[in-house]
1. So which of I326, I342, I335 is within 16 Å of the ligand (Cβ to nearest atom), open to solvent by 10 Å² or more (accessible area, probe 1.4 Å) and touching a helix residue (DSSP H, G or I) at 6+ places or on another chain (Cβ under 7 Å)?
2. For the stretch 86-102, check the following and say yes or no: at least one residue is without any contact (Cβ under 8 Å) to a residue 12 or more places away in the chain, on the phi < 0 side of the Ramachandran plot and touching a helix residue (DSSP H, G or I) at 6+ places or on another chain (Cβ under 9 Å).
3. Can you name every residue in the stretch 178-210 that is more than 16 Å from the ligand (Cβ to nearest atom), closer than 19 Å to T128 by Cβ, open to solvent by 20 Å² or more (accessible area, probe 1.4 Å) and assigned to a helix (DSSP H, G or I)?
4. Going by the structure shown, is Y312 within 25 Å of G55 (Cβ to Cβ), of a type in the set (F, W, Y), in contact with a Pro (Cβ under 8 Å, 6 or more places away or on another chain) and in contact (Cβ under 8 Å) with a residue 40 or more places away in the chain?
5. Taking the condition of being open to solvent by 10 Å² or more (accessible area, probe 1.4 Å) and away from the ligand (no atom under 12 Å from the Cβ), how many residues in the stretch 45-70 meet it?
6. Please work out which residue is farthest from I468 (Cα to Cα), limiting yourself to the stretch 308-323 and to residues that are of a type in the set (G, A, S) and within 14 Å of the ligand (Cβ to nearest atom).
7. Return only the number of the condition from (1) aromatic (F, W, Y); (2) more than 16 Å from the ligand (Cβ to nearest atom); (3) within 19 Å of R322 (Cα to Cα); (4) crowded, with 23+ Cβ neighbours inside 10 Å that F421 does not satisfy.
8. I need every pair where a residue in the stretch 151-162 that is β-branched (V, I, T) has its Cβ under 9 Å from the Cβ of a residue that is outside any helix (DSSP H, G or I), sequence separation at least 6 or different chains.
Amino acid sequence: MADHERIEVGKSANGSPHDVDKALVDNHMPVITFRAFIMCALVSMGGIMFGYDCGSIAGYLQMPDFQSRFANRTPSGGYEWPPALSGILVGGWPIGACIGALAAAKPADTYGRKWCISGWAGVHVVGTLIQITAMSSVGQMIAGRVICGIGVGALSVLVPMYMGESSPTLIRGALVSAYQLFVTLGILLSNLINFGTSNVSGSAQWRITAGIGFLWSGTLAFGMIFMKESPRYAYRKGRAEEARQTMAVLHGVPPNHVVIESQTHELGLALAEEERAGKASFFETFKLPRMRYRVFLGVFLHAGQQFTGANYFFYYGTTVFRATGISNSFVTQIILGAVNCIMTFPGLWMVEHLGRRVCLVGGALWMGMCFLVFSSLGAFRLNPDTATSVGGAMIAFACLFISGFASTWGPLVWGVSSELFPTPVRANCSSLVTAVNWTCNFLIGFFTPYITNAVGFSYGYVFAGCCIVEAVVVYSCLIESHDRTLEEIDAMYVHHVNPITSAKWTPPPHLAEEIHGPEGPPPPPEGGRRKSLSAVEVATGATPFRLYSMAPTRRESHTMAGRTRAPSGLPKSGLPGIPDSV
Ligand SMILES: OC[C@H]1O[C@](O)(CO)[C@@H](O)[C@@H]1O
């Protein structure tokens, strides 16, 4: 249809009766508008803040001015970090983040996404202020880290949620996946800035890096004031016209465009379906068919992501590589940060072409192998005479490890775990697994100094062992969800499909109809094949596009804690208080 051509369609794109006789237009829709670009650039600051905080501490611990203020003096006149101190300086941040992630959802539903994002970024500004003004009080420094963690943790839930709810359809999938990319970019930026300031004299060494942190959080806190509320949130609050106007502005089309009409209608359907499906309480979650198994898998994947050992390098890399005798460990940290950022791109391609199981099992085996070599070199070959060659080889294996992490377990775990959970329990399960991720992140941050003090580089064998266990568990327990609808994944777990052969599974005819209804499988969403769910769903249970499972098909009941009658021969919802038939 020609651009700007006005058409009378007689009724809405969805044929909804209330829109009959409304004039719709179907003119050209740009891929991205200036307004949408500014919105995305602004909220991506949330991802950068995550990575920046995570990556900067490694450098601080090695900076002489930071040590002279906060570390303990040794009898020889130097400085040392008692394990408890460095552990809490590093680990206080993920503990704060865990609290922030758990606290974020409720106020975001009450006050709206945009004001909460601005507010939590403001919390981060306060945390940074506390850190930067610390003269020699380590308690103040720790408090600042925890407060920054609270801000980042809350934003780790809200930023992907806002992106998913607001960004134009055509770029939504790419943008939401890009969140992990911004995290890796933040790590790299902090590594580069630490490198630049490490030779500056005085407290500017670390205060410059910390001060630049204001740029991300201050811009986000201030900039959000001028952003529009997420259309999905506005719609839920009964402000349908505002939602329509916002979508129109972000898509660069008039409010009566067919796409806006269709999306407004879908918001209505999604909301009605969510209300119909209801929410299961935390304990009811475990009574659903095979939910204990699936929750175990989700928790395992998130704990596993942390116990691959990636944060051993991101938090303590500078210390680790100084111990190998490498002259500038800040450079090594930059190399690791760059590998982490760049290798996230092939990961996005691999998961779509090789599938989840191959990526996760292959990634875990690869990382395990890298840690085996890394630790063996450090434990048995490293001595003052071999420091340059062995230290160099250790850096090479650390880079190979990070490549494996960044292209598999780093980004994939968030999407894969969310595909495990049916709609009514997704919010509960997602909070649980996010909290597990942050808690394990804390465990690595806190206990690493104790363990490395005791066993040195042999610590890497623990991570190697974890990676191998992870490969075995994923191989034996995780169903291949690539190119499957949520209904199929759900049914495959409920019907005990063998994970090892799951990629080739086709539903027997009677089940195919239960899954898809008599019309067969629904068409894929805009833009081709269905992709893994994003951090949006993980964090909130919200869905950036309308899920197949939210379509009001009759089969949903048997696996999705539905309120309708469970089809014969299939497990019932098992939820107390939710009747099997209505
Ligand atoms: O890119 C590395 C970063 O990614 C995460 O695993 C989150 O997915 C962080 O814990 C880590 O610091």
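1. On the way: I326 fails: within 16 Å of the ligand (Cβ to nearest atom); I342 fails: touching a helix residue (DSSP H, G or I) at 6+ places or on another chain (Cβ under 7 Å).
Result: I335 is the single residue among I326, I342, I335 that is within 16 Å of the ligand (Cβ to nearest atom), open to solvent by 10 Å² or more (accessible area, probe 1.4 Å) and touching a helix residue (DSSP H, G or I) at 6+ places or on another chain (Cβ under 7 Å).
2. First, the residues of the stretch 86-102 that are without any contact (Cβ under 8 Å) to a residue 12 or more places away in the chain: none.
The answer is no, given that none of the residues of the stretch 86-102 is without any contact (Cβ under 8 Å) to a residue 12 or more places away in the chain, on the phi < 0 side of the Ramachandran plot and touching a helix residue (DSSP H, G or I) at 6+ places or on another chain (Cβ under 9 Å).
3. I193, G196, A204, R207, I208
4. Values: within 25 Å of G55 (Cβ to Cβ): yes; of a type in the set (F, W, Y): yes; in contact with a Pro (Cβ under 8 Å, 6 or more places away or on another chain): no; in contact (Cβ under 8 Å) with a residue 40 or more places away in the chain: yes.
It is false that Y312 is within 25 Å of G55 (Cβ to Cβ), of a type in the set (F, W, Y), in contact with a Pro (Cβ under 8 Å, 6 or more places away or on another chain) and in contact (Cβ under 8 Å) with a residue 40 or more places away in the chain.
5. Matching residues across the stretch 45-70 total 8.
6. Residues of the stretch 308-323 of a type in the set (G, A, S): 309-310, 317, 323.
This time we only want the ones that are within 14 Å of the ligand (Cβ to nearest atom), so: 309-310, 317.
Working: G309: 12, A310: 15, G317: 22 Å.
For the stretch 308-323, the residue satisfying everything is G317.
7. Tallying (1) aromatic (F, W, Y); (2) more than 16 Å from the ligand (Cβ to nearest atom); (3) within 19 Å of R322 (Cα to Cα); (4) crowded, with 23+ Cβ neighbours inside 10 Å, F421 fails exactly one: (3).
8. V157/A104
The values are calculated or read from the model by the stated rules, or taken from the named source; none is laboratory data. The shown structure was predicted, so the numbers you read here are calculated from the model rather than taken from an experiment. With ideal geometry, Cβ positions are generated from the backbone for all residues, glycine too; neighbour counts draw on all protein chains shown. Protein only, heavy atoms only, side chains kept; ligands, DNA and RNA dropped before computing areas. Shrake-Rupley method; radii C 1.70, N 1.55, O 1.52, S 1.80 Å.
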